[in-house]
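Working notes, beginning with the structure itself.
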Amino acid sequence: MKSEVNFKKTVLPKLKSNLKSGMPVAACYLILFYLIMVLADIKFTFLATVNAAAFSTYYKKNIGVLKIAGIAVSQVAISALAGLCTVHIAVRLVLNVVFPFVWVCLHSSPFDKQGYFVGAMTFVFVQLMRITPGEVGYMVIVSCCTSALTAAAIIIIVLIRRSRKPDYSVIRSGLLAVAARLENARGKPAEDDLFSVDERLYRLSYDGNYVVHPFRGMENAYCSFALLFQRAAYYFSDEALYKESAQVDELKLKLAAFLRKAEQQINLENNDALIAEASAMVKEADALKGRFGTFCRNFLRLFVIALGDLTKKKPPRRGNPLKSYASEFFNHIKLNTFGLRFAGRLSLVSFSCFLIMFLLDSEHCYWIPLNAFLLVRPSYEESVSRMRARMIGSIAGCLIAYGAYALFPNTIGLYIFFSVMIILTYSSSAGKWPQSLFATASGVSIASLSLGNTSAVEYRLLYLAIAVAIVFVANKFFFPSTRQREFRSNLRSLFNMQKVYITILQSALVRTTDLGVLRHNLINFQMLRTQIRDHISETSRTAAQTVAYKSLLFLLWRMAAEAEQMIMFVQSEHLTDVERARFAKYARGVLDILSDRAAAESYVAVPEVKDSPMLTDLAERYLANLRRIKTEFKELRRGKKGSKIKS
């Protein structure tokens, strides 16, 4: 009785949910598969697989028509490039080294490791169709048709989704969290709420972007509000250090009431009334000289910008976009150490598989690169998990396919069985053995139409074993990338990003700087910090190690917040030439400390800015935190508090 209740409450709802999410993708695949098989040839049905993968990746995302058109064009271009591999084996091997490497570097990041998947899958799978040079044009035509069909299906779904108003409930949650903290709700987790809101907003502003991050529509507003709540969290993290007057307490309550009102009234059409009220409160805060007065003015000024971003239909123009894009690209390459290692590994696996496939030249040897591509993953641990799941699922799938061949001796019966297996494949959890089971059963059932059933099973298992061996050797001995190695690399990258902030500060001291670059780096910083924090939580560590790493992350977060505020102050406040010179010397000294130049400690002095004491305070705090964090890193490298980190 109990098991029956559990089945109805847990298993059955999950099955329904999986089928609901998997059916659109399965339908897309089956339509394309049978359409291509009728109009062209069964060997071209690999196009159904790659286009179904594109559909699966993008159909749930709220992306625009231009993005959809770009995806379709990309699929056709990659298919055409894969067609060039038929010219000569040397061309195929060279392209299978170059393309996977470049594609992973451009389309993956530590925050979206699967960004490479659709394009790389298209490149590899189209080659498995064994087309001849004379069929390249025909293949491109078929590719255009399938890409157009996929794009049409995505457009239909996107138009339905875009008819709904964008959800900005995360922003409202943040406003309420700030209001609660301003109302002196000490002891309540308002700061924690702000950290959570901040992370979600940075994630929303990052989604769908890889190397070059063009802010469009709500993405720009998400980033502005993320900065807003970062400022608030920074203030609240040390608010208790300051004694405030009764006038300050009154303004706090007034600001809290305004934010609760704004939470109810913000919209995507017109926020002029809220902007006017916020601007009036800025003037009122000008009379306050203390810490809260400075925070209140800066918070409200940024709030006015964020409210304006909510209603902007177009993103702000960027100065010298080519320079900005180049800066973002090289920053991405530096940040994406994990991607470079995985790119090398994927290129090696792709090259090895197609070389072996050429040397064997046997029936259905395309199963080698097919399996290898699905097994090689960004991290070593994930690849090992996939290998186990693939082997278990493949053996079970072969047995099921063998039984289906006996039950359905005619072609129609096997095609029905194949269709059911495809639906179950796309309704299963990715990377788990049930998905591998259904995928193997569907693949073997189709292969059985051209081979004897026993031969299809033997080939499937033999080629899977070869693919597993190739991936294992590549993961173990070439460009290894374990989660622990990635964690250490990410932590170093997080620290080294401070150099980027100080370089932007130097630029802001002498000229008007494109703050879009600062925003991109802040997004990368917050995403990387979240990933490191999650790794610390998932990995079993001693209490001392956990505390040490969390302390590091908090100090790095404070330094990023301080650097961002210094840059904005320098950009917006009037500084004399002498003060700018002092700040430039300070920035050079900080860069020297960040670069481990021992002499820097002797000449770095905190610059005094007479009309903006908050700027001096931020510079002093940043320098103190930098010295403290350098000590923390040295202790971690020596292994006093945690596992060693190589500098």
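Each row is one residue, and each column tells you yes or no for (1) in contact with a helix residue (DSSP H, G or I) (Cβ under 8 Å, 6 or more places away or on another chain); (2) in contact (Cβ under 8 Å) with a residue 60 or more places away in the chain.
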{"site": "510", "(1), (2)": "yes, yes"}
{"site": "523", "(1), (2)": "yes, yes"}
{"site": "536", "(1), (2)": "yes, no"}
{"site": "552", "(1), (2)": "yes, yes"}
{"site": "574", "(1), (2)": "no, no"}
{"site": "579", "(1), (2)": "no, no"}
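Could you tell me whether region 6-27 includes any residue that is under 22 Å from the mean Cα position of the chain (by Cα), assigned to a helix (DSSP H, G or I) and at pLDDT 80 or above? Looking through region 6-27, none of the residues is under 22 Å from the mean Cα position of the chain (by Cα), assigned to a helix (DSSP H, G or I) and at pLDDT 80 or above. Here residue 263 meets the list (1) among the acidic types (Asp, Glu); (2) exposed (fewer than 14 other Cβ atoms within 10 Å of the Cβ); (3) in contact (Cβ under 8 Å) with a residue 12 or more places away in the chain almost entirely, failing just condition (2).
Pull up region 485-510, narrow it to residues that are open to solvent by 60 Å² or more (accessible area, probe 1.4 Å) and at pLDDT 85 or above, then point me to the one that is nearest to residue 380 (Cα to Cα).
Selected residue: 499.
Taking the criterion of being modelled with pLDDT of 85 or more, within 34 Å of the chain's Cα centre (by Cα) and open to solvent by less than 90 Å² (accessible area, probe 1.4 Å), would at least one residue in region 604-617 satisfy it? Looking for residues that are modelled with pLDDT of 85 or more, within 34 Å of the chain's Cα centre (by Cα) and open to solvent by less than 90 Å² (accessible area, probe 1.4 Å), one finds none in region 604-617, hence no. Of the residues in region 573-587, at least one is in contact with a Phe, Trp or Tyr (Cβ under 9 Å, 6 or more places away or on another chain) and of a type in the set (A, V, I, L, M).
Scanning region 66-98 for residues being assigned to a loop (DSSP other than H, G, I, E, B) and touching a Ser or Thr at 6+ places or on another chain (Cβ under 7 Å) gives a total of 1. Of all residues in region 511-521, exactly one satisfies the criterion of being crowded, with 20+ Cβ neighbours inside 10 Å and either polar (S, T, N, Q) or modelled with pLDDT of 80 or more (or both), namely 521.
Taken over region 248-298, the criterion of being closer than 21 Å to residue 612 by Cβ and either assigned to a loop (DSSP other than H, G, I, E, B) or among the polar types (S, T, N, Q) (or both) is satisfied by 279, 286, 287, 288, 289, 290, 294, 298.
The values are calculated or read from the model by the stated rules, or taken from the named source; none is laboratory data. Note that the structure is a prediction, hence the values are computed from the model and not measured. Note that each Cβ is placed from the backbone with ideal geometry, even for glycine, and that neighbours are counted across all protein chains shown. Keep in mind that these areas ignore ligands, DNA and RNA; they rest on the heavy atoms of the full protein, side chains included. Shrake-Rupley method; radii C 1.70, N 1.55, O 1.52, S 1.80 Å.
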